[in-house]
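Trainee: Take a look at the following structure, please.
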Amino acid sequence: MKITAFGVSQEERLIFEKWAQTHPEVELRLVTEWLTATNVTLAAGSIGVSAFQTGQYDAALFEKMAALALPVLAIRNVGTDNIDFAAAARYKIQISNVPSYSPAGIAEYVVTLALQLLRRMPEVERLVATDQLLAARALTGRELSQQTVGVVGFGHIGQLTAKLFHQMGARVLAFDAYYHGAEPTWLRLLPDLPSLLAESNLVTLHVPGVAANRYLLNATNLALLPEQALVINTARGNLIETPALIAALRSGALAGAAIDTFELEDQIEPAVQQRQPISDPLYRELSALPNVLVTPHIAYHTNVAVVNMVQDSLANLLAYACNGQLQTPVTR
Ligand code: NAD
Ligand code: COI
């Protein structure tokens, strides 16, 4: 049996190879490049493909997979907003994701970003880099235990993030448009986004980047936040109207932002891959703001997560090979 994996980093290669030692029946082919309609031919004869990328999985890819009799795409991550599901259904391609490879790791990253913003580390680092130590000393931080944290999306990551903030002494609110579970004793679930924003000194996003969620935080909604609020986005770039965020930061209405997922991530990716300077004006403007921390979509990246991503993706492919059923199928 053959499996082909795309977008394989050096770190993942070691995990794939270790897995292969315990699965001698599987012939693994590991490809560094992202999966495309062109290079998918490398997977001919496989039971399916494993892939990891923020770029698109489009109709041309699924048409080619159907032509090559590759019935399964097993992505190694959570988010599915980059998949054309209508096209996948048209070509009868089944898709799985890894829905919970390490939500705790992402929650810890959010807390890391929050503490950095509260203690004004983006400003401190810039001042220290230019020997303005007195100016850095004059910056007053804020304490997490005095903040109200608003968690938008109370799923795998949102729940663990909320819990960590609660354990560190913050007052925690959450809003989830589809959550029907009980309200934990330590948190208040709010009925809508505007009520959450109106009370949150720090808002963190944990909803999928589906089309319906585009610009969840826009000029109107950002204006609902209390003065000097902080915004953290580790979910998807399209959730925030970046020019509106920049305007709120420039005017001083917002005190800071941490953006792990940038709105035009796809557009800057070619420069990232070629290790070239990023010329996109929106990226340049956002990342130059003194109170903004930009990170390159790395909230997921821990040793625990990478192992689970590889193993769970392969488990989906093996399950499909054994009984025609994916373990964690996704259709949207
Ligand atoms: P999840 O599906 O467990 O939770 C998402 C929650 O959002 C669900 O409970 C859903 O009901 C809710 N929701 C959807 N639309 C909403 C809306 N408009 N308003 C309020 N709630 C809404 O997903 P998760 O595992 O918590 O992941 C969330 C997102 O985080 C993923 O979709 C992905 O885009 C992103 N993510 C980013 C990284 C990273 O490295 N930066 C890593 C993993 C996941
Ligand atoms: C996800 O798992 O959805 C992520 O955002 C990680 C990413 C690098 C694909």
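Trainee: Which condition breaks for residue 263 when tested against (1) more than 13 Å from ligand 2 (Cβ to nearest atom); (2) surrounded by fewer than 20 Cβ atoms within 10 Å (Cβ to Cβ)?
Mentor: Exception for residue 263: condition (2).
Trainee: Residue by residue through region 233-242, note down the ones that are open to solvent by 10 Å² or more (accessible area, probe 1.4 Å) and more than 13 Å from ligand 2 (Cβ to nearest atom).
Mentor: Within region 233-242, 241 is the sole residue that qualifies.
Trainee: Limited to region 182-198, what total is found for residues that are touching a residue at least 24 places away in the same chain (Cβ under 8 Å) and either over 26 Å from residue 249 (Cβ atoms) or assigned to a strand (DSSP E or B) (or both)?
Mentor: Within region 182-198, residues that are touching a residue at least 24 places away in the same chain (Cβ under 8 Å) and either over 26 Å from residue 249 (Cβ atoms) or assigned to a strand (DSSP E or B) (or both) number 2.
Trainee: Still on this model: Exactly one condition in (1) in contact with a Pro (Cβ under 9 Å, 6 or more places away or on another chain); (2) surrounded by fewer than 17 Cβ atoms within 10 Å (Cβ to Cβ) is false for residue 258; which is it?
Mentor: Single failed check for residue 258: (2).
Trainee: Right, another one. Just checking, which of 202, 230, 217, 245 is in the same structural domain as residue 149 (by TED's automatic domain parsing), crowded, with 23+ Cβ neighbours inside 10 Å and within 16 Å of ligand 1 (Cβ to nearest atom)?
Mentor: So the residue among 202, 230, 217, 245 that is in the same structural domain as residue 149 (by TED's automatic domain parsing), crowded, with 23+ Cβ neighbours inside 10 Å and within 16 Å of ligand 1 (Cβ to nearest atom) is 217.
Trainee: Select from region 266-293 the residues that are under 26 Å from residue 115 (Cβ atoms) and in contact (Cβ under 8 Å) with a residue 12 or more places away in the chain and write down the one among them that is surrounded by the fewest Cβ atoms within 10 Å (Cβ to Cβ).
Mentor: Result: 290.
Trainee: Under 7 Å between Cβ atoms, at least 6 apart or on separate chains: pull out the pairs that start in region 199-210 with a residue that is more than 17 Å from residue 177 (Cα to Cα) and more than 15 Å from ligand 2 (Cβ to nearest atom) and end on any residue that is modelled with pLDDT of 95 or more and assigned to a loop (DSSP other than H, G, I, E, B).
Mentor: Hits for this filter: 200/225; 201/147; 201/226; 202/147.
Trainee: Further, regarding this structure: Restricting region 294-332 to residues that are in contact with a strand residue (DSSP E or B) (Cβ under 7 Å, 6 or more places away or on another chain) and open to solvent by 60 Å² or more (accessible area, probe 1.4 Å), which is nearest to residue 88 (Cα to Cα)?
Mentor: 329
Trainee: Just to be sure before I move on: is residue 208 open to solvent by 40 Å² or more (accessible area, probe 1.4 Å) and either β-branched (Val, Ile, Thr) or at pLDDT 95 or above (or both) in the structure I sent?
Mentor: Yes.
Trainee: Need at least 1 residues that are within 16 Å of ligand 2 (Cβ to nearest atom) and in contact with a Pro (Cβ under 9 Å, 6 or more places away or on another chain) per element, so show me which strands (runs of 3 or more DSSP E) inside region 56-155 make the cut, counting only ones lying wholly within it.
Mentor: 94-96
Trainee: Does at least one position in region 11-21 carry a residue that is open to solvent by less than 10 Å² (accessible area, probe 1.4 Å), more than 16 Å from ligand 1 (Cβ to nearest atom), outside any strand (DSSP E or B) and modelled with pLDDT of 95 or more?
Mentor: Yes.
Trainee: Also, I was wondering about something else. Tally time: how many residues in region 156-174 are within 13 Å of ligand 1 (Cβ to nearest atom) and part of a strand (DSSP E or B)?
Mentor: Number of matching residues: 2.
Trainee: Still on this structure: Restricting to region 161-181, name every residue that is under 28 Å from residue 301 (Cβ atoms), open to solvent by 70 Å² or more (accessible area, probe 1.4 Å) and in contact (Cβ under 8 Å) with a residue 24 or more places away in the chain.
Mentor: Matches in region 161-181: 163, 168.
The values are calculated or read from the model by the stated rules, or taken from the named source; none is laboratory data. Predicted, not measured: the structure shown is a model, and the values here were computed from it. Because the Cβ atoms are built from the backbone with ideal geometry, glycine has one as well, and the counts that use them run over all protein chains shown. Keep in mind that these areas ignore ligands, DNA and RNA; they rest on the heavy atoms of the full protein, side chains included. Shrake-Rupley method; radii C 1.70, N 1.55, O 1.52, S 1.80 Å.
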